[in-house]
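I have placed the structure first, in the form of structure tokens, so that the comments after it can refer back to it.
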Amino acid sequence: MTKVIMHLDMDAFFVNVELLDKPHLRGQKIIVAHNSPRSVVLSASYEARVDGVGSAMPLSRALRMSPHAIVVEPSRIYRDYSRQIMKILHDVTDLVEQVSVDEAFVDLTGAMTRLGNPVDIAQSIRERIQQELSLPASAGIASTKFIAKMASTGSKPNGLWVIPPHRVQEFLDPMPVGKLWGVGSKSTQALHNLGIHTVAQLREYDLSYLHSKFGTASGTHLYNIARGIDPRPVTPYREEKSIGAEHTFDHDARDAEAVKAELLTLSLKVARRLRKSGKQTRSLSFKIRNQDFETITRSCILPTATTSGHEIFKASIRELTKLGILVEGNPEVSHPIRLIGVRAEKLGAEEHGVQGSLFEENLKTDNVFESNWNDAEKTMDLIHSKFGGTGLVPASILKKKEP
């Protein structure tokens, strides 16, 4: 039986959630972002998108493109609305794969026996979201995830588009190859260099030719995706492969203690998410971007698996010292830092027998905790769960975050 898959995508989600409390801004050019020099756009109203503003764009650039746009600070209520949206989807079927805070794939195949044709099901979902939450949503329906995603994108804003199996090629052929799932800017340019600009042109080449030009894996992907072939099922639970956090400084950071304090914040955040997901890590990666936008990445293997922010922090300090960014006795980093990130990789199930290490030495950025760090972090988890992200932080973070 052919699968029937819906992709639901909320329209300008952050903007429309903010408009619930700020209806006087409706119809205006709105950008949701932290109003700081290094901030990026989280969401933009369709009125602002007319000026070319898009998500993940530096706020400074967005405001040059849309100088009359109103910047709205993001709030903490998006996940509450997200949970309510996902509950509505789960009322239809358990086969819901949440992709992000505001979008999900839904396998409607089984639900059709109870609820009727997929168009009616999708429309009733959109209407319920609108009635209960006053939020608009777009949806695409197809036999594969890729085509359903493309259909929902094409139906925006506040629309519904169905691509039946016999019309998939008609839908794909005129499309630019850069719009295909998994085809990034480098692959797009490589295809253009071969004179391939549309999906129809891509379909003219056989599998062996694409293998010779792009390798077996990428060539096979291009061959399949140009024909709408996407065997991926809707997966209700997706295993997290990594957990990370990063921070962009408002001004290029030169002070070594400020960089260390931010590293500690990121390490604690990553560790807290590890414990919450029941995972532990033995592999870490680090990202440092300097004032010239040069990005350095490094990784390391830990001697034992951990969920300890303190252990992640110590490894971070070691790696930045190896890179020469932190120098013993030097109050400044070797190069001004724009962005810094920490990521836990190669995750495994947390083993309760693995203990966090004790504070064996006083950290230069933190002389507060002298007891078992593992217990201290678990206590912090409880306080964070009750009071939010600012419930409890080490004194060093309060002491100095940025110059």
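Scanning the stretch 225-235 for residues that are surrounded by 16 or more Cβ atoms within 10 Å (Cβ to Cβ) and more than 21 Å from the chain's Cα centre (by Cα) yields ILE225, ALA226, GLY228, ASP230. Annotation: of all residues in the stretch 52-81 being among the polar types (S, T, N, Q) and in a loop (DSSP other than H, G, I, E, B), the one that is nearest to PHE293 (Cα to Cα) is SER55. The condition (being part of a strand (DSSP E or B), farther than 13 Å from ARG343 by Cα, in contact (Cβ under 8 Å) with a residue 60 or more places away in the chain and assigned by TED's automatic domain parsing to the domain that holds LEU339) is satisfied by just one residue among ARG289, ARG254, ARG275, ARG282: ARG254. Residue count for the stretch 270-312 under the criterion of being within 21 Å of the chain's Cα centre (by Cα) and within 24 Å of ALA256 (Cβ to Cβ): the result is 14.
Those helices (runs of 4 or more DSSP H) of the stretch 184-236 in which at least 1 residues are within 14 Å of PHE146 (Cα to Cα) and either touching a residue at least 40 places away in the same chain (Cβ under 8 Å) or not aliphatic (A, V, I, L, M) (or both), considering only elements entirely within it, cover 216-225.
Within the option set PRO165, PRO176, being under 26 Å from GLN201 (Cβ atoms) and without any contact (Cβ under 8 Å) to a residue 60 or more places away in the chain holds for one residue only, PRO176. In the stretch 117-145, how many are among the charged types (D, E, K, R) and within 23 Å of the chain's Cα centre (by Cα)? Selection size over the stretch 117-145: 1.
TYR78 satisfies every condition listed in (1) crowded, with 20+ Cβ neighbours inside 10 Å; (2) closer than 29 Å to VAL32 by Cβ except (1). Kindly indicate whether ARG318 is among the basic types (Lys, Arg), touching a residue at least 24 places away in the same chain (Cβ under 8 Å) and not assigned by TED's automatic domain parsing to the domain that holds PRO58. Against the criterion (among the basic types (Lys, Arg), touching a residue at least 24 places away in the same chain (Cβ under 8 Å) and not assigned by TED's automatic domain parsing to the domain that holds PRO58), ARG318 does not qualify. Taken over the stretch 103-119, the criterion of being charged (D, E, K, R) and at pLDDT 95 or above is satisfied by GLU103, ASP107. Under the condition of being in contact with a Gly (Cβ under 9 Å, 6 or more places away or on another chain) and among the β-branched types (Val, Ile, Thr), the residues counted in the stretch 84-124 number 1.
Residue-by-condition table, conditions (1) surrounded by 15 or more Cβ atoms within 10 Å (Cβ to Cβ); (2) touching a strand residue (DSSP E or B) at 6+ places or on another chain (Cβ under 6 Å):
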residue: ILE129; (1), (2): yes, yes
residue: ALA151; (1), (2): yes, yes
residue: LYS156; (1), (2): yes, yes
residue: SER185; (1), (2): no, no
residue: ALA200; (1), (2): yes, no
residue: SER208; (1), (2): no, no
residue: TYR237; (1), (2): no, no
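The values are calculated or read from the model by the stated rules, or taken from the named source; none is laboratory data. Quantities reported herein were computed from a predicted structural model and do not represent experimental measurements. For neighbour counting, all protein chains shown are included, and Cβ atoms are generated from backbone atoms with ideal geometry for every residue, glycine included.
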